[in-house]
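Worksheet: one structure, shown below.
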Amino acid sequence: MVRRPARNPRILLPWVGLAVGIGGLGLQFSLSMPAYAAAGKDIPGSLGTFLAFYTILTNIVLVLVYLSVVTTWRWLELFRHPITRGLMAANIALVMLYVYFVLRHLAVLEGQALTADNMLHYLAPILYLLWWVIAQPHGALKWANLPLMLVPTLAYLVYILARGAWVTEYPYPILAVHKIGYGAVLLNSAYMTVVLAALMAVVIAADHLLARFSRTVPA
């Protein structure tokens, strides 16, 4: 069952986030797939490359989180869990910061490519963080949850390295084993894990602070 949006900003935000997420992913898909085909990839290979990007995967998860808000579908229960929603706040913040400080200097984008880039790397993260702060119930996250919150990203790293060993293709320069070697990749991964853990610590601390604040505000 799909719930109808209301004028309350807390209820409207997930609908806006859902539209931005689907729109950005759809636009990026429509740009990437023909480019991969032109480079000689078949459909499975093109899909594999598209879905290897952390930006794409995290934005897909954001769409699922929003769907878990605006619908009552039971199969989305995982995406209603505070840990899932909290870890995605840290992960999507990492995506935005990494692209802003590192990747945006590597290519000049124009037109629709720039639009998709801005939607997925900036607008979607900002909307999600705003929604998580003002509309998500707080107080459920614990410091002991932090190691568990890192598991999806570590699983992604294992997948990307295994896939790269098979197809010799990596989505990001810091993971390009065939160019910089496993030692550098593991060191880069360690740095990124520390940054992500720090962001998750910020999310957990913010969750505790927002929970205290909400208890002091008159109903």
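Numbers for the structure displayed
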item	result
Point-to-point label distance, ALA198-ARG10, nm (Cα→Cβ direction, 7 Å offset)	3.2 nm
Residue-span extension gain [ARG74 to GLU169] - 0.36 nm each, minus C-alpha spacing	30.6 nm
Candidate residues ILE134, ILE83: accessible-area rank, largest first, probe 1.4 Å	ILE134, ILE83
Length released on extending from LEU103 to ALA205, taking residue separation times 0.36 nm less the Cα-Cα span	33.9 nm
Amide H contacts of THR71 (H built 1.01 Å from N, under 5 Å, at least 5 apart or other chain)	ARG3
Centre separation in Å (Cα based) which lies between segment 82-133 and segment 36-54	21 Å
Label-point gap, in nm, between TYR191 and SER30 - each point 7 angstrom along Cα→Cβ	3.7 nm
Convex hull of Cα atoms in segment 124-212, direction-averaged projection (nm²)	6.7 nm²
Length gained when the stretch ALA184-VAL158 is fully extended (0.36 nm per residue, less Cα-Cα span)	7.8 nm
Within the chain, longest stretch free of exposed trypsin sites (Lys or Arg not before Pro) [DSSP loop, at most 16 other beta carbons within 10 Å]	8-141
In degrees, nearest ten, helix 54-70 long axis to first principal axis of the chain (Cα)	30 degrees
In Å², nearest 10: area of HIS208 left accessible to a 1.4 Å probe	50 Å²
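The values are calculated or read from the model by the stated rules, or taken from the named source; none is laboratory data. The model shown is predicted, which means the values in this text are computed figures rather than measured ones. Every residue, glycine among them, receives a Cβ derived from its backbone with ideal geometry; neighbour counts consider all protein chains shown. Note: areas computed on protein heavy atoms with side chains; ligands, DNA, RNA excluded. Shrake-Rupley method; radii C 1.70, N 1.55, O 1.52, S 1.80 Å.
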